[in-house]
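Here the structure comes first, spelled out in structure tokens, and everything after it is commentary.
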Amino acid sequence: MFLIIFSEVFSLDYFGEVEGTQRFKSYNSSYGSIELILGAEHQEENFYSQVSLKATDDSEKYLKLYRGYFELYGDSTTFSAGRQMIVWGSAYIFNGADVFNEVDLENPRSDKDGIDSMRMKYNLENMSRLEGVIFKNTARDDNIGARYTFLVDNYEFMANYFHYDKRNFVGEAVKNEDVVLEVKGDAGIGIWSQLIHRESDELDQNAVVLGGDYSFDLAGNLLYTLAETIYIKEEDIVALYLRYNYVVSEDIEVFQSLLVDGKISYLYVRSGLTCKLNDYFNIQVSYNYYNNFRGLYQYSYEEELDSEVVFEIQGFF
């Protein structure tokens, strides 16, 4: 009864998402997982709030707060606080400006778990903007980030600064101070670039990221292509990420991605297809191949990954 009255007073909109995954490492080795997200949101002219919970089959963290935050809108400002998703940076997979999240190799643009944070945006004149954020991670409660964004014709320029701690491979908190300069825009194709300077207690790094994407018609269907590369000066590493998505029909999409370094000492390939069952459910089948894939840039794994076949079903309601 209380929930019904609360919903009527505050005009709550409910939403949910369920995802089941089964991974086959070999004929006799497989494991599955399931996630359920349930939440509600409320919006007014100058206010937005959302609360959602994530339930999993993990015996230690079977239920947790996924999002729980509010946003206040002023004439030139936006303030938000709570457990919210924050993603900065124009790069796709080698994103030096996203210090908030771990990269999901299978779906780099997927939704991220919320992080406890406070964020302020202030819109300046001439289509420019200042942003600041204080956020918590497993290493420190008061990490900070700031960015300045301005537009010139069809190009967006961003200057980012971060001061934060991050745990290394053995669980120690390591201090980092990053400066990331970015540009993205339209030059006939979508382009983006980042210059990354990272000062760390362990190792200073300088890196350059270049990327571009383009969609065109192929046999009457849409083909999306993307390429992104990174060069890390101190380690003399060049890595390349390639991806395409081909819309075969209204309900079927084929995709493939490749991540490899210049010496082909490690390799990641993902191939698969997504089938839209109806307006609420998708099913995806893919094959992931790993070769010596460990410790690349912001990715780190305790064990070498194996090849696998993955079945996923995702539902929205």
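The values are calculated or read from the model by the stated rules, or taken from the named source; none is laboratory data. Fair warning: this is a prediction, and the values are worked out from it, not measured in the lab. Cβ: placed from backbone, ideal geometry, glycine included. Neighbour counts: every protein chain shown. Side chains included, ligands, DNA and RNA excluded: accessible areas come from the protein's heavy atoms. Shrake-Rupley method; radii C 1.70, N 1.55, O 1.52, S 1.80 Å.
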In the range 47-198 the accessible area split gives carbon plus sulfur, as whole percent at 1.4 Å, a share of 55 percent
Report the full-extension gain for the segment residue 218 to residue 127: residue separation times 0.36 nm, less the Cα-Cα distance, to one decimal in nm. 29.1 nm
Answer in debye to the nearest 20: the dipole magnitude of the range 209-253 about its Cα centre, from +1 Lys/Arg and -1 Asp/Glu charges placed on Cβ, is 120 debye
The relative contact order of the range 48-138, taking Cα pairs under 8 Å that sit 6 or more residues apart, comes to a percentage of 23 percent
What full-extension length gain, to one decimal in nm, is calculated for residue 65 and residue 316 as 0.36 nm per residue of separation minus the Cα-Cα distance? 88.5 nm
For the range 203-213, Karplus couplings with θ = phi - 60° (6.51, -1.76, 1.60), whole Hz, Gly/Pro x: 7, 7, 9, 10, 9, 10, 10, 10, x, x, 9
Defining a contact as two alpha carbons under 8 Å apart and six or more residues distant in sequence, what relative contact order in percent does the range 46-95 show? 29 percent
Tell me, how many Å apart are the Cα centres for the range 237-292 and for the range 170-217? 22 Å
Going 7 Å from the Cα of residue 269 along its beta-carbon direction, which residues of the range 231-261 have the amide nitrogen within less than 16 Å of the resulting point? 240-244, 255-261
Per-residue SASA entry for residue 223, accessible area with 1.4 Å probe, Å² rounded to 10: 20 Å²
With θ set to phi - 60° and the Karplus curve 6.51 cos²θ - 1.76 cosθ + 1.60, what are the ³J(HN,Hα) couplings of the range 221-228 in order, to the nearest whole Hz, using x for Gly and Pro? 10, 7, 10, 9, 10, 8, 9, 8
Over the chain, what is the relative contact order in whole percent, taking alpha-carbon pairs under 8 Å and six or more residues apart? 11 percent
About the Cα centre of the range 1-138, how large is the charge dipole given +1 on each Lys and Arg Cβ and -1 on each Asp and Glu Cβ? Please answer in debye to the nearest 20. 420 debye
How much FRET efficiency would the formula 1/(1 + (r/R0)^6) give for residue 240 and residue 44, where r is the Cβ-Cβ distance and R0 is 51 Å, rounded to 0.05? 0.65
Under 19 Å Cα to Cα from residue 263, which lysines show up? Leave out anything in the same chain fewer than 8 places away. 233
Under 19 Å from the Cα of residue 175 - lysines, other chains or at least 8 residues apart: 136, 166
About its Cα centre, the chain carries a charge dipole, from +1 on Lys and Arg Cβ atoms and -1 on Asp and Glu Cβ atoms, whose size in debye to the nearest 20 is 220 debye
For the chain, the charge dipole (Cβ of Lys, Arg +1; Cβ of Asp, Glu -1; about the Cα centre) points to a positive end, and the Cα of 100, 309, 272 closest to that extreme belongs to 309
³J(HN,Hα) across the range 163-169 via Karplus (A = 6.51, B = -1.76, C = 1.60, θ = phi - 60°), whole Hz, x for Gly/Pro? 10, 7, 9, 8, 6, 8, 4
Mind checking the full-extension length gain between residue 195 and residue 289? Use 0.36 nm per residue of separation minus the Cα-Cα distance, one decimal, nm. 30.8 nm
Calculate the spin-label point distance for residue 163 paired with residue 277, positioning each point 7 Å from the Cα along the beta-carbon direction, and give it in nanometres. 5.1 nm
Protection proxy (average C-beta count within 10 Å per residue), highest first, orders 78-91, 198-211, 60-73 as 78-91, 198-211, 60-73
Tell me, what is the per residue accessible area of the range 52-193 in Å², probe radius 1.4 Å? 53 Å²
Within straight-line cross-link reach of residue 64, aspartates and glutamates at Cα separation under 14 Å, skipping those fewer than 8 residues along the same chain: 35, 113, 116
